[in-house]
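For reference, the structure is listed below as structure tokens.
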Amino acid sequence: MGWDKGRYYTRSKKVNGRVVREYIGAGEAGQLVARIDENERELKKAKRDAEHARRVKADALDASLDDFCKLAESLAHAALGVTGFHQHKGEWRKQRVGKAKH
Amino acid sequence: MSERPNTEQSPASRDSRELWELVRRAENGDAKAVPALRQLLSGSAALAEMLGNLAQQVEVSLIGNAAGKNLSFKEGLTRKMELLRQEIAGPNPTILERLLAERIALCWLALHDAEIRFAQMRDLSIAQAESWQSRIDRAHRRYLSSIKTLATVRKLAVPVLQVNIAKKQVNIAGGAASEGS
């Protein structure tokens, strides 16, 4: 998008893989369309920025919840280990008394 | 546990780091960490307070994010979380059960917040929709895993009374009885 030779407002778009320039117009009409396009671009950028900010915030919340979950999970595993259980193929089993002595 | 020279950290985060180290040492088979951990898990008020503070920090952030500026929604959500925690933890919970109940409640909130946000979104690109969908999937896995851990802890902590009558073994657990030869 831009001004060709400083007179004609143009838009560029891809058609079948080739860049095609569309001539919109000159003078006041060209300036009006250019302003509308500019507004649309700003609106899209604002939406993108808002979505990015929302994602960053959600990532930070997820990370703090993940940390808490990891701590809780590790504590639960440690508690089960301390009370004589061990994990065998994902399943918790009571440690055999005889085996624990060796 | 030794004192760290780092003065920038809050006492709660310093305590949680020390707890992490203790848990890691015990998981890696360090026998010296076990007595300290056993003592902590047996009912330390400091541990309960620290874990409660950590959970509260996460909860405040999650509720703040979900409710935004809507104070009545924020109040309702806080109350709902309190009731949910109490319901899951049940009467006279241990420190661990309380912690795991808090984890379930937080995971529930995170999952529902993600689902509601996704449902309310408009004009999403395919990549953005996929990104939110994978976030929901992660939250769902985290929620199910939190429930599974509490169920395991409760199941294994149930005192099993074993009575051998002649050659018949009767297992009585939590009021239910099963027979096997």
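Residue A:93 meets all of the listed conditions (1) part of a strand (DSSP E or B); (2) on the phi > 0 side of the Ramachandran plot but one, namely (2).
Within the option set A:78, A:72, A:58, being out of contact with any strand residue (DSSP E or B) (no Cβ under 9 Å at 6 or more places or on another chain), over 26 Å from residue B:132 (Cβ atoms) and surrounded by 14 or more Cβ atoms within 10 Å (Cβ to Cβ) holds for one residue only, A:78.
The rows are residues; the columns are (1) part of a helix (DSSP H, G or I); (2) at negative phi; (3) among the basic types (Lys, Arg); (4) at pLDDT 75 or above.
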{"position": "B:16", "(1), (2), (3), (4)": "yes, yes, no, no"}
{"position": "B:24", "(1), (2), (3), (4)": "yes, yes, yes, yes"}
{"position": "B:39", "(1), (2), (3), (4)": "yes, yes, no, no"}
{"position": "B:43", "(1), (2), (3), (4)": "no, no, no, no"}
{"position": "B:54", "(1), (2), (3), (4)": "yes, yes, no, yes"}
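Please find, within region B:110-120, the residue that is nearest to residue B:66 (Cα to Cα) out of those that are at the interface with chain A (Cβ under 9 Å from one of its Cβ atoms) and either touching a residue at least 24 places away in the same chain (Cβ under 8 Å) or outside any helix (DSSP H, G or I) (or both). The residue in question is B:113. Just a yes or no: is a residue in region B:89-96 more than 9 Å from chain A (Cβ to nearest Cβ), modelled with pLDDT of 90 or more and either part of a helix (DSSP H, G or I) or surrounded by 11 or more Cβ atoms within 10 Å (Cβ to Cβ) (or both)? Yes; the residues of region B:89-96 include at least one that is more than 9 Å from chain A (Cβ to nearest Cβ), modelled with pLDDT of 90 or more and either part of a helix (DSSP H, G or I) or surrounded by 11 or more Cβ atoms within 10 Å (Cβ to Cβ) (or both). Is it the case, given these coordinates, that residue B:62 is under 17 Å from the mean Cα position of the chain (by Cα), within 25 Å of residue A:50 (Cα to Cα) and modelled with pLDDT of 95 or more? Criteria not met by residue B:62.
Pairing each residue of region A:4-20 that is farther than 19 Å from residue A:32 by Cα and free of Cβ contacts under 8 Å to residues at least 24 places away in the same chain with any residue that is of a type in the set (A, V, I, L, M) and part of a strand (DSSP E or B), provided the two are 6+ apart or on different chains, yields C-beta distances under 8 Å for A:13/A:19; A:13/A:20; A:14/A:20. Taking the options B:82, B:102, name whichever one is touching a residue at least 40 places away in the same chain (Cβ under 8 Å) and assigned to a helix (DSSP H, G or I). Exactly one of B:82, B:102 is touching a residue at least 40 places away in the same chain (Cβ under 8 Å) and assigned to a helix (DSSP H, G or I), namely B:102. In region A:75-83 there is at least one residue matching the filter, namely being modelled with pLDDT under 85 and among the polar types (S, T, N, Q).
Residues that are over 15 Å from residue B:148 (Cβ atoms) and more than 7 Å from chain A (Cβ to nearest Cβ) were ranked within region B:97-109; the one that is farthest from the chain's Cα centre (by Cα) is B:109. So, residue A:73, is that one within 24 Å of residue B:116 (Cα to Cα), within 8 Å of chain B (Cβ to nearest Cβ) and outside any strand (DSSP E or B) or not? For residue A:73, the condition - within 24 Å of residue B:116 (Cα to Cα), within 8 Å of chain B (Cβ to nearest Cβ) and outside any strand (DSSP E or B) - is not met.
The values are calculated or read from the model by the stated rules, or taken from the named source; none is laboratory data. Keep in mind that this is a model prediction, so the values were computed, not measured. Positions of Cβ are generated from backbone atoms using ideal geometry, with glycine treated the same way; all protein chains shown enter the neighbour counts.
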